[in-house]
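The values are calculated or read from the model by the stated rules, or taken from the named source; none is laboratory data. If you're wondering where the values come from, they're calculated on a predicted model, not measured in any experiment. Here Cβ is always computed from backbone atoms with ideal geometry, including for glycine, and neighbour counts include all displayed protein chains. These accessible areas exclude ligands, DNA and RNA; they are computed on the full protein's heavy atoms, side chains included. Shrake-Rupley method; radii C 1.70, N 1.55, O 1.52, S 1.80 Å.
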Amino acid sequence: MTLRLAIVEDEAPARTRLRRLLAEHEDVEVVLEADTLPAALATLPSAGADALFLDIALGESTGFDLLDQLPPPWPLLVFATAYHEHALRAFEVAAVDYLLKPFDAPRLTATLDRLRARLADADPLPAEEDLRRLQAAMPAPAFNPTPLVITERGQRVVVPLDEVTHLVGSGNYVELHTPQRSYLMRATLTQLASQLHPAQFLRVHRSYLVRADQIAALTPRGHGDAELTLRDGTTVMVSRRFREALPEGLRGR
């Protein structure tokens, strides 16, 4: 499979070096180069690129300005920049990787491997999530979830499930979000998912569970990824493997 790449970079030497490094990979084809935001907007939608190597600084504009104006679906995103402070925002828009200049050939090879894996959909739905989806499909499943109880300042606090809008997992901790505030609970997201009704709380990412009735909109972001907007305005990324397992009416195209 040929990996079709686009490069949006305003510095000619940086474009030349990236082209040279990419030329070492026989399955890579550069289908587009642009050095300004207007040029990128005019050519990217029809280029058929699988992935976009995008600089943060584009003259008086930024790579994020480009994404704000670029119609979905987007190619897979790789930020290649000298500015480390934008890494968090890059991953908020579902970037596959963030390359800090000057990067070398081994680092670029690792990025290309990540892109190949994403395009090959080599990251299957976890087995425990398959089971949850089967439970959700059963008629009127009996489900008596354990109350979510956290310890806070020496007190045990019960968090009502009907107040939880979404859950965010990080290692052995999960943030429970309600319209009023968030709570920190010591558990893994997979452990909590097993306690929650699979048709009411949807796994949309390895790090996110959302309450189905809180979803207001789904926006495609390219290559199967998407972004959910909740009723309180919160946005949550949906990864390809979990989007395919959503109820049919929520999957979008």
In the stretch 26-106, which GluC sites (Glu not before Pro) are in a loop and have at most 13 other Cβ atoms within 10 Å, using DSSP for the loop call? Glu26, Glu60
In terms of modelled amide H atoms, which long-range or inter-chain residues lie less than 5 Å from the amide H of Leu76? Ala51, Leu52
Karplus 3J(HN,Hα) series, Hz, for the stretch 12-25 with 6.51 cos²θ - 1.76 cosθ + 1.60 (x for Gly, Pro): 4, x, 5, 5, 4, 5, 5, 4, 5, 5, 5, 5, 6, 10
Share of the stretch 168-225's accessible area from carbon and sulfur, percent, 1.4 Å? 43 percent
By the gyration tensor of its Cα atoms, with a ≥ b ≥ c the square roots of the eigenvalues, what is the shape of the stretch 1-80: rounded for a/c under 1.5, prolate for a/b over b/c, or oblate? oblate
Distance between the C-alpha centers of the stretch 47-83 and the stretch 207-221? Whole Å please. 24 Å
Using the beta-carbon distance between Thr2 and Ala39 and R0 = 25 Å, what value does 1/(1 + (r/R0)^6) give for FRET efficiency, to the nearest 0.05? 0.60
Estimated distance in nm for a label pair at Asp68 and Arg231, the labels positioned 7 Å out from Cα along Cα-to-Cβ: 3.0 nm
Counting only residues 5 or more apart in sequence or on a different chain, those whose built amide H sits under 5 Å from that of Thr62 are none
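When the accessible area of the stretch 39-106 is split by element with a 1.4 Å probe, what percent falls to carbon and sulfur? Spell out each step's value before the answer.
Values: 1740 of 3040 Å².
The value for the stretch 39-106 is 57 percent carbon and sulfur by accessible area.
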